[in-house]
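S.K.: To start, I am sharing the structure in question, which I have written as structure tokens.
The values are calculated or read from the model by the stated rules, or taken from the named source; none is laboratory data. None of the values given here were measured: they were computed from a predicted structure. Neighbour counts run over all protein chains shown; Cβ positions are idealised from the backbone, glycine included. Accessible surface is based on the protein model in full, side chains and every heavy atom, while ligands, DNA and RNA are left aside. Shrake-Rupley method; radii C 1.70, N 1.55, O 1.52, S 1.80 Å.
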Amino acid sequence: MHQVRLTVNPTETLALSAIVNRFELLEDSATVDADYFGTELSLIAEFTVNKNLYISPLYGVLLPGEGYEQTWGKDDDPVHLFQVLAIYTY
């Protein structure tokens, strides 16, 4: 895997990140002979609401490569991920 990450902190309570990952398969199998699995782009915001609450929404998209298509037997449509992480400490 290769990764490039850019993070900026426009305020003390907000961090914004963009991450690009390139995934490669380490070894061939009987059904997969491609090395390139896909490229993922993730956009993340990290909010520190107060000393007890942290919220982080994330959007990610995987652009499949030949290895993904051979592994999952699917076409090359992008795969989307949405998630929100909330941490409350007391």
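S.K.: Counting only residues that are out of contact with any Leu (no Cβ under 6 Å at 6 or more places or on another chain) and either more than 24 Å from Arg5 (Cα to Cα) or polar (S, T, N, Q) (or both), which one in the stretch 78-90 is modelled with the highest pLDDT?
M.R.: Only one residue fits best here, namely Thr89.
This table checks each residue for (1) outside any helix (DSSP H, G or I); (2) closer than 20 Å to Met1 by Cβ; (3) among the acidic types (Asp, Glu); (4) open to solvent by less than 70 Å² (accessible area, probe 1.4 Å).
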site	(1), (2), (3), (4)
Ala18	yes, yes, no, yes
Asp33	yes, yes, yes, no
Ser42	yes, yes, no, yes
Ala45	yes, no, no, yes
Ser56	yes, no, no, yes
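S.K.: Give the number of residues within the stretch 47-77 that are in contact with a strand residue (DSSP E or B) (Cβ under 7 Å, 6 or more places away or on another chain) and closer than 30 Å to Pro10 by Cα.
M.R.: Residues in the stretch 47-77 being in contact with a strand residue (DSSP E or B) (Cβ under 7 Å, 6 or more places away or on another chain) and closer than 30 Å to Pro10 by Cα: 15 in total.
Each row is one residue, and each column tells you yes or no for (1) free of Cβ contacts under 8 Å to residues at least 12 places away in the same chain; (2) at positive phi; (3) among the acidic types (Asp, Glu).
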| residue | (1), (2), (3) |
| --- | --- |
| His2 | no, no, no |
| Thr7 | yes, no, no |
| Pro10 | yes, no, no |
| Leu16 | no, no, no |
| Leu26 | yes, no, no |
| Gly38 | no, yes, no |
| Ser42 | no, no, no |
| Leu53 | no, no, no |
| Leu63 | no, no, no |
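S.K.: Further question on the same structure: Quick check on this structure: which one of Leu63, Leu85, Leu26 is open to solvent by 70 Å² or more (accessible area, probe 1.4 Å), assigned to a loop (DSSP other than H, G, I, E, B) and of a type in the set (A, V, I, L, M)?
M.R.: Leu26
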